[in-house]
C-alpha cells in the first residue's frame with residue numbers, strides 16, 4: 001500500500017498475506033520514471049534479478065526477506081536488475097537494465113523509479129490486524145542511547 005501527500009509518495013506498507021509480517025517504511029528522495037533525463041524504452045515484463053546489499057544484522061535479514069519476497073524468481077537470461085542497498089538505515093531502491101558490451105565491461109541504464117526507504121516498524125500480523133498484532137521492531141529515534149545506532 002502506497003501513501004501519498006500532495007501527489008508525492010511518502011509512505012509504503014508491505015503486508016505479506018495471509019499471516020504477515022507487515023513492514024512500514026517512509027519514502028524520501030523520489031524520482032519517478034518520467035522525471036529521469038534519459039528516457040528509457042518500455043520496461044520488459046521479465047522478472048528482475050535482485051541485488052541486496054548492506055543488510056548485516058538480524059533485523060536487516062528480516063527486512064531484506066520482506067522485500068525480496070515481493071518479486072518472483074527471474075529467468076537466468078533476464079537483463080533487469082533491482083538494487084536494494086542499505087546505507088545508514090536508508091534503503092536505496094534502484095532499477096536498471098544492463099548490457100554486456102564485451103567480456104570485461106557491463107553497461108547499466110537506469111529505468112526508474114528511484115527512492116529511499118526508511119523502515120520504522122515491523123509487525124508480526126497483517127495490516128488489518130496491526131492494532132492488536134505484536135510489534136517485532138519499532139524505530140525509536142528520540143531515545144538518547146540510540147541516537148547514532150544503525151539497526152540494519
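Fewest Cβ neighbours within 10 Å first, please rank 116, 45, 101 accordingly.
Numbers: 116 16, 45 6, 101 9.
Fewest-to-most ranking of 116, 45, 101: 45, 101, 116.
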Take the Cα coordinates of the chain, assign each an equal point scatterer, and use the Debye formula without solvent to give log10 I(q)/I(0) at q = 0.18, 0.22 Å⁻¹. -1.21, -1.52
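Which of 64, 92 has the fewest other C-beta atoms within 10 Å, and how do the rest follow up to the most?
Values: 64 20, 92 16.
Neighbour counts put them in this order, fewest first: 92, 64.
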What ranking of 102, 53 emerges when the number of other C-beta atoms within 10 Å of each C-beta is taken as an exposure proxy, fewest first? 102, 53
Residue list for the range 105-143, given a label point 7 angstrom along the Cα-to-Cβ vector of residue 31 and an amide N cut-off under 16 Å: 108-117
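If packing is taken as the average count of other Cβ atoms within 10 Å, what order do 124-135, 9-20 fall into, highest mean first? Intermediate values should be presented prior to the final figure.
Numbers: 124-135: 13.2, 9-20: 14.8.
Listed from highest to lowest mean packing, they are 9-20, 124-135.
Throughout, read-outs are computed from the coordinates displayed, never taken from laboratory work. The model shown is predicted, which means the values in this text are computed figures rather than measured ones. All Cβ positions, even for glycine, are placed from backbone atoms using ideal geometry, and neighbour counts span all protein chains on display.
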